[in-house]
Amino acid sequence: MTILLVDDERQVLDGILHGVHFKALGLDRVLTARSGEEAKEILTRQRVDILITDIEMADLSGLGLLEWIRDTGKKTLTIFCTAFRNFDYARKAVELHAFDYFLKPVRYAELEEKLKKAMRTLGVEYRAPAEEPPEQASGGRRVRSAVQTVCQYIGEHLDEELTRSQLAGLVYMNPDYLGSLFKEETGVSLTMYIQQRRLDQAKMLLRETELPVGKVAEAVGYGNISYFSKLFRQKVGCQPGEYRRYGENRAEDIAEHGHEDA
């Protein structure tokens, strides 16, 4: 079976390509288009069984594309994907006999279930490969792999600016979706994880090197030493210099009883 993915955002297409297990579903040909007009060209040249398309695109909307499909008599089953909760879109999709409709950020396990349902409608029953482990079928392995990739990258780039959009791009995910998955998998938000990794690295540098506090701050991604010292005091319980002099145990005493005597 052939499926066509249409979205003017490259990141969305890459995310679906990497996040959905098409071959395991029995969808052996996966085509992509970056616009409605490009999708029309593909649909004109060859048969497409399932179409997943964004609604809002610059040249031809997903709704316009489905209207063209209906006018030409093609039997392509269409699923809409959009970032907008718009009742008019949903109503128009129903009028055009769209098969399904879901919102971004794309949840790949949910999309796989919709594709299985679409295949059943087309008379093709999904059969999971006998050797496919349940974790892989549910998308758990891919989620874990994505989170591990992000964690590894963070650990290797603590001295650089780290944004959620940048990290999401590494694993072809929507930033909001990555943030949600990351918290589900690790129990902490992406922001808090980065902060903790930076503070752990700072403590190691304070214990094991003679770098000035300002250089330690820079080495873990904080260009402003005042902000770094304030954050360190809030999270660790003492100033960086106090931590360097007294180590973890004494730092805990300072945190409990106040700063050392002047």
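The values are calculated or read from the model by the stated rules, or taken from the named source; none is laboratory data. Nothing here was measured: the structure is a model prediction, and the numbers come from that model. No Cβ is skipped: glycine too gets one built from the backbone with ideal geometry, and neighbour counts run over all protein chains shown.
The residues of segment 43-58 that are over 21 Å from the mean Cα position of the chain (by Cα) and either polar (S, T, N, Q) or surrounded by 14 or more Cβ atoms within 10 Å (Cβ to Cβ) (or both), listed by number, are Leu43, Thr44, Gln46, Val48, Asp49, Ile50, Leu51, Met57.
Six or more apart or on different chains, Cβ under 9 Å: which pairs go from a residue in segment 40-55 that's assigned by TED's automatic domain parsing to the domain that holds Lys74 to one that's among the hydroxyl-bearing types (Ser, Thr, Tyr) and assigned to a helix (DSSP H, G or I)? Could you list them? Matching pairs, first to second residue: Ile55/Tyr89.
For segment 97-152, filtered to residues that are among the hydroxyl-bearing types (Ser, Thr, Tyr) and modelled with pLDDT of 80 or more, the residue that is farthest from the chain's Cα centre (by Cα) is Thr121.
Which one of these is assigned to a helix (DSSP H, G or I), surrounded by 17 or more Cβ atoms within 10 Å (Cβ to Cβ) and not assigned by TED's automatic domain parsing to the domain that holds Arg107: Leu205, Leu162?
On the way: Leu162 fails: assigned to a helix (DSSP H, G or I).
One residue alone meets the criteria, Leu205.
Looking at Gly73, Gly36, Gly62 in this structure, which one is without any contact (Cβ under 8 Å) to a residue 12 or more places away in the chain and outside the structural domain of Tyr172 (by TED's automatic domain parsing)? Reasoning before the result, please.
Numbers: Gly36 fails: without any contact (Cβ under 8 Å) to a residue 12 or more places away in the chain; Gly62 fails: without any contact (Cβ under 8 Å) to a residue 12 or more places away in the chain.
On inspection, the qualifying residue turns out to be Gly73.
Scan segment 13-21 and give yes if some residue there is in the same structural domain as Leu115 (by TED's automatic domain parsing), closer than 21 Å to Val124 by Cα and crowded, with 21+ Cβ neighbours inside 10 Å, otherwise no. Within segment 13-21, one or more residues are in the same structural domain as Leu115 (by TED's automatic domain parsing), closer than 21 Å to Val124 by Cα and crowded, with 21+ Cβ neighbours inside 10 Å.
Looking across segment 59-92, the residues that are in a loop (DSSP other than H, G, I, E, B) and either in contact with a helix residue (DSSP H, G or I) (Cβ under 7 Å, 6 or more places away or on another chain) or at pLDDT below 85 (or both) come down to Asp59, Leu60, Ser61, Lys74, Thr76, Ala83, Phe84, Arg85, Asn86. Looking only at segment 189-234, residues that are of a type in the set (Lys, Arg) and either in contact with a Cys (Cβ under 7 Å, 6 or more places away or on another chain) or in contact (Cβ under 8 Å) with a residue 12 or more places away in the chain (or both) come to 4 in all.
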